[in-house]
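To start, the structure under review is shown below, and the notes come after it.
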Amino acid sequence: MNWLVLGVVAWLILFPVLVVFLYAFATKWFPSHWWWPQEFGLRWFERILTSPNILTAMINSYLIASFATLATLAITFPAAYVFGARTQGGGGRFVQLVEGFSNVPLAFPTITVGIALLPFYSKLGLLSSFMGVVLAHMIMAVPYALRAMVSSFLMVPPEYEEAARNLGASRALILRKIYLPLVWPGIMAGGIFAFSWSLNEFVLILLLGYPNIETIPVQVYQFVGGYYLHPQQAATLGLFLLVPTLALMLFVERTVKSSAVVPAGG
Amino acid sequence: YLPLLGYGILSVVLLNFLALFIAFSIPFVLGASWPQFLSVFIYVNAKDQGNWLAGYTTSVVYISVALTIAYFYTRALARARKHA
């Protein structure tokens with residue numbers, strides 16, 4: 001009975017991944033007639049990788065994700081230190097208010113944030129620029145990184161910092177030598193959540209980065225939702241997004257042993 | 001078991017409902033033209049048709065409903081933690 005439920009759930013989750021792999025690697029398949037492809041080959045990969053638009057889109061995608069992740073980690077590391085270690089989840093009213101507000105962007109519809117940022121960006125001239133997209137990604141990726149890092153900071157016993165303070169260490173030294181080696185799995189988990197969120201993010205780039213900045217999800221949309229329907233090339237391009245995300249998630253599951261909350265995305 | 005798990009199930013239901021309520025990618029690609037998903041409605045009105053006012057007003061309603069669901073979710077989560 002257990003195996004039956006587990007099998008059904010695994011099938012439901014992994015079946016779309018299987019279909020993406022089949023579409024990407026099959027050179028001849030008529031899904032309305034046959035369950036399994038006729039020929040396998042790499043034709044779609046050649047067609048994808050020889051198009052300069054798509055290569056630019058891939059490079060853009062990974063660059064935006066890396067910059068947004070680094071900037072988000074730079075912001076959320078001090079915040080997680082305050083929420084996790086200095087106040088241990090309690091804290092004064094202001095700290096609790098900020099902590100409550102910093103988890104709210106998880107509930108924002110992304111298109112609302114995009115529509116709201118559009119007139120600001122056109123006034124500031126950031127409309128289809130790299131930094132604009134990175135800033136917009138930072139707004140929405142902060143709660144993802146923050147939740148993973150705060151839970152990791154909460155696991156450090158406060159006696160370590162008190163002992164270090166007694167021996168005369170400054171705050172920067174404490175952060176560098178005591179907290180950093182202990183919360184490093186949490187930082188990596190938060191960074192990987194923010195990275196894969198930013199990699200899969202579609203709406204903000206569609207709205208804010210339109211002519212100059214194109215990433216992989218925007219290109220996949222142009223293959224699937226625009227004027228023509230090319231599921232094979234869309235699946236091939238999507239594979240470049242799916243495989244790294246799956247690998248990173250597997251890596252996070254292995255390294256971070258604590259029960260970090262896995263956020264939901266859209 | 002079921003009454004004891006009540007607040008836990010409620011918090012999970014609210015979380016999943018919220019995640020699908022604010023989704024944009026899947027309804028944009030696979031959704032029908034009528035009835036339309038609210039996020040797709042905002043996108044089509046504000047960007048393609050140039051009707052910014054409709055987009056902004058709908059966004060206000062959209063985000064209010066999403067924040068209400070998020071508020072009830074945090075309350076259910078706190079109560080689930082307190083009872084467990």
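No lab work stands behind these numbers, since they all come straight from the coordinates. Remember, predicted model here, so these are calculated numbers, not experimental data. Cβ atoms come from the backbone with ideal geometry, glycine included; neighbour counts cover every protein chain shown.
Within 10 Å of each candidate Cβ there may be at most 14 other Cβ atoms; applying that plus a DSSP loop requirement, which chymotrypsin sites (Phe, Trp or Tyr not before Pro) in region A:212-242 survive? Could the numbers behind the result be given before it?
On the way: sites: A:Tyr221, A:Phe223, A:Tyr227, A:Tyr228, A:Phe240; in loops: A:Tyr227, A:Tyr228.
In loop regions of region A:212-242 (DSSP not H, G, I, E or B), the sparsely surrounded chymotrypsin sites (Phe, Trp or Tyr not before Pro) are A:Tyr227, A:Tyr228.
For the protein assembly as shown, the residue among A:Ser151, A:Val256, B:Val12 whose Cα projects farthest onto the positive side of the dipole built from Cβ charges is A:Ser151. Helix A:110-124 versus the longest principal axis of chain A: what is the Cα-based angle in degrees, 0 to 90, to the nearest 10? Approximately 80 degrees, to the nearest ten. Think of chain A as a dipole: +1 on every Lys or Arg Cβ, -1 on every Asp or Glu Cβ, centred on the Cα centre; then among A:Leu14, A:Val220, A:Met138, A:Met138 lies furthest on the positive end. Each Lys and Arg contributes +1 and each Asp and Glu -1, all at the Cβ; summed about the Cα centre of the protein assembly as shown, the dipole is approximately 660 debye. Averaging the Cα positions of each part gives two centres, and for region B:1-49 and region A:86-123 these lie 20 Å apart.
Per residue of B:32-40, other chain Cβ atoms within 10 Å of the residue Cβ number 1 on average. With all pairs of different C-alpha atoms in the average, the Kirkwood value for the hydrodynamic radius of region A:83-235 is 18.2 Å.
When the P(r) is computed for chain B, the part past 17 Å accounts for 57% of the Cα-Cα pairs.
Using the Cβ of A:Leu206 as centre and a radius below 10 Å, the other residues enclosed give a net charge of -1, where K and R count +1 and D and E count -1.
Each Cα pair of region A:1-42 feeds into the Kirkwood radius, which the Stokes-Einstein equation turns, at 37 °C and 0.692 mPa s, into a diffusion coefficient of 283 µm²/s. Dipole magnitude for region A:145-266: computed about the Cα centre from +1 point charges on Lys and Arg Cβ and -1 point charges on Asp and Glu Cβ, it is near 300 debye. Rounded to the nearest 20, the size of the Cβ-charge dipole of region A:1-141 about its Cα centre is 160 debye, with Lys and Arg at +1 and Asp and Glu at -1. Report, in degrees rounded to the nearest 10, the 0 to 90 angle that the Cα long axis of helix A:180-199 makes with the longest principal axis of chain A. Helix A:180-199 and the main axis of chain A meet at about 30 degrees.
Value of Rg to Rh for region A:16-116, rounded to two decimals, is 1.24; Kirkwood radius and Rg both from alpha-carbon coordinates.
If the viscosity is 0.890 mPa s and the temperature 25 °C, what Stokes-Einstein diffusion coefficient in µm²/s follows for the protein assembly as shown when Rh is the Kirkwood radius over Cα pairs? Show your work: numbers first, answer last.
Details: Rh = 22.5 Å.
For these conditions, the coefficient is 109 µm²/s.
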